[in-house]
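A.B. asks: Got a structure here, written out as structure tokens. Questions coming.
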Amino acid sequence: MKYEVVKGCRIKGQTCRPGDVVDIDQVTAKDLLGIGRITPHDESKTENRAVGLETSNEKPKKRGRTKKAAPEPEVEAKPEVEAEPEVEAE
């Protein structure tokens, strides 16, 4: 069975780095799985995650700043009608 190396180690005299896929026997695999050096390798279909490249299926999403709303025009206030001054009685 195939396993993926999680932490760098030596397996049967060969140096293995993280990410390497190795095919080893059950006894060795059981020991290395127990100490967390390898995990079972899944050979599922890989997905193309590239965005915006020539080989990708999607275009990149543009993330920009939102536009500010245009300021509303100021309405000129009508001048207030002044009250007639009070006449003092003499």
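A.B. asks: Does V51 meet the test of being exposed (fewer than 10 other Cβ atoms within 10 Å of the Cβ) and modelled with pLDDT under 90?
C.D. replies: No, not satisfied.
A.B. asks: Looking at this structure, is E4 modelled with pLDDT under 80 and either part of a strand (DSSP E or B) or surrounded by fewer than 10 Cβ atoms within 10 Å (Cβ to Cβ) (or both)?
C.D. replies: Working: modelled with pLDDT under 80: no; either part of a strand (DSSP E or B) or surrounded by fewer than 10 Cβ atoms within 10 Å (Cβ to Cβ) (or both): yes.
No.
The values are calculated or read from the model by the stated rules, or taken from the named source; none is laboratory data. The shown structure was predicted, so the numbers you read here are calculated from the model rather than taken from an experiment. Please note: Cβ atoms are built from the backbone with ideal geometry, for glycine as well, and neighbour counts cover all protein chains shown.
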